[in-house]
1. Tell me the carbon and sulfur percent of the accessible area for the chain, rounded to whole percent, probe radius 1.4 Å.
2. Whole number in Å², please: accessible area per residue of segment 1-155, 1.4 Å probe, ligands, DNA and RNA not counted.
3. What Kirkwood Rh does segment 116-218 have if only Cα atoms enter the pairwise 1/r average? Answer in Å.
4. Report, in degrees rounded to the nearest 10, the 0 to 90 angle that the Cα long axis of helix 178-188 makes with the longest principal axis of the chain.
5. Select from 139, 14, 79 the residue whose mean-square fluctuation is largest in a Gaussian network model of the chain (Cα-Cα springs shorter than 10 Å).
6. After finding the eigenvalues of the alpha carbon gyration tensor for segment 1-99, what semi-axes result from the square roots of 5 times each, listed largest first in whole Å?
7. To the nearest 10 degrees, how steep is helix 156-167 against the longest Cα principal axis of the chain, on a 0 to 90 scale?
8. For helix 210-229, what angle does its Cα long axis make with the longest principal axis of the chain, in degrees from 0 to 90 and rounded to 10?
Amino acid sequence: MRILIHGAGAVGGYFGALLARGGHEVTFVARGENLAALRARGITVYLPADTLHVAPVHAVADPADAARPDLVLVCVKSYDTAAAAAALRPAVGPQTIILSLQNGIENEEILARELGLPPLMVALTRIGVELAAPATVHYSGRGTIVFGEPDGRESPRARRTAEAFAAAGVPHQLRPDILVAAWEKLAWNAGFNAVTTLTRSTVAEVLALPGTRALVVDAMEEVDAVAVAAGIPVRRARTAWFAWSTSDTITSSGSPICRASTG
């Protein structure tokens, strides 16, 4: 399958490397030093027990310079979504499959509208990755691509995407309740990302103090309330859930395992 990685940062670089290693024809869209490094030496992903190096790789500054892809993974920051769609417009067609691995719940709507496409599949990833240097990714945990049709059906494009991931050994889940998963991730980000940023604290430090812990729960429950009002059946009892769900997200050193895409 021809795959375009639009945004070859930490998330895009990681999944692009896996897909290229798995035999797919992958093109990375990058810029600046990252683009130069990809062209010069390929991409390197440091795994806990191994190092994945893929070279040479095909890297471009403009999606229009790549062959028309079968699948596009959009891995830019959410504030760049409209610009990404504008750049992708000459590179995609009606049959192109587009998955957003971004944070948030509005990116698919923006991409579909700007590209003149019908509703896209919804996707997300929970992964710990960092772009440590140009074309150099450090991986620390997880990394499953979760996706599905908004209406819950198993479409031909969903099956084709799942087959492409399976062929490359990319962990994935094709979910009929993908909207629930997307809103669950948004709730997690709204609670932890916002509170840890505003307080300049680690997840462990935030959870250790009753005030900030309660603020995280309140933020998550506010997202839950919006989701339920929109007809998305997310969980509501966050306080009881917190007792067990946070235990596997904190390492012994008190650092969080990232459940949100870093890309």
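1. 54
2. Dividing the accessible area of segment 1-155 by its residue count gives 42 Å².
3. About 16.0 Å for segment 116-218.
4. 60
5. Of 139, 14, 79, the most mobile in the Gaussian network model is 79.
6. The three semi-axes for segment 1-99 are 21, 14, 13 Å.
7. 90
8. 60
The values are calculated or read from the model by the stated rules, or taken from the named source; none is laboratory data. Quick caveat, the model's predicted, so the values are computed rather than measured. No Cβ is skipped: glycine too gets one built from the backbone with ideal geometry, and neighbour counts run over all protein chains shown. What goes into the accessible areas is simple: the full protein's heavy atoms, side chains included, and nothing from ligands, DNA or RNA. Shrake-Rupley method; radii C 1.70, N 1.55, O 1.52, S 1.80 Å.
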